[in-house]
Amino acid sequence: MLVMVAAAVLAGVPAYAASGSDSSGQPGAGTAARYGEQVIDLARGWEGAGACVVWPEMLEVPECFDTEAEMNRRIGELETGMAASTGVSTGTRATSGSSCASYLRLYDGTWYTGAVLYLRGRWQWFNLADYGFDQRTSSYRIGACSARFADRRNGSGDRYPTSLTEAYDVAPTMLSGWNNDVSSVYIT
């Protein structure tokens, strides 16, 4: 029965990794995610989850966990599996001139507290409303590739200063006027 319900939910919610520059394709579209034994719609709420992974190259749908530590263990498993299948390390260092294994962690609270959204995928805009994280970012950590933040969907509207979103930048708080004001992000 649970499998049938999960299949129905997944069929009714658009894929989260559509091609092109938009992560969902439609404004207000939901994003199915696995959270324990259930499937949730991130755009409607995290239903108790404290950390979610969005990694289109490795996961069919995002996966959510109670804690960031649980999420980190899963990320480690995915990186180990990727390294074993390709023979290339997938840490936060560049793996070649044209690609780098990178991530962006967005936190709902200052000083890297609260819910955390882990995004991993290059050359596309992630619309945070699709993941229930629109205008919630209060702190962040950037991996090996720089990122861009915008206050509207698909990179439109005002942009956060790129001098503060370069590779390996971290910010325990956002600049004045930007707390809870990021709606889309891009990883270069």
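What follows draws every value from the coordinates through simple rules; no lab data is involved. As the structure is a prediction and not an experimental result, all values here were calculated from the model. Every residue, glycine among them, receives a Cβ derived from its backbone with ideal geometry; neighbour counts consider all protein chains shown.
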Requested in this report: Calculate the spin-label point distance for Gln38 paired with Leu164, positioning each point 7 Å from the Cα along the beta-carbon direction, and give it in nanometres.
Outcome: 3.6
Query raised in the report: What nm value, rounded to one decimal, do you get for the distance between Arg73 and Thr110 when each label is placed 7 Å out toward the C-beta?
Result: 3.2
Query raised in the report: What's the FRET efficiency of Arg122 with Asp66 using the Cβ-Cβ distance as r and R₀ = 35 Å, to the nearest 0.05?
Result: 0.80
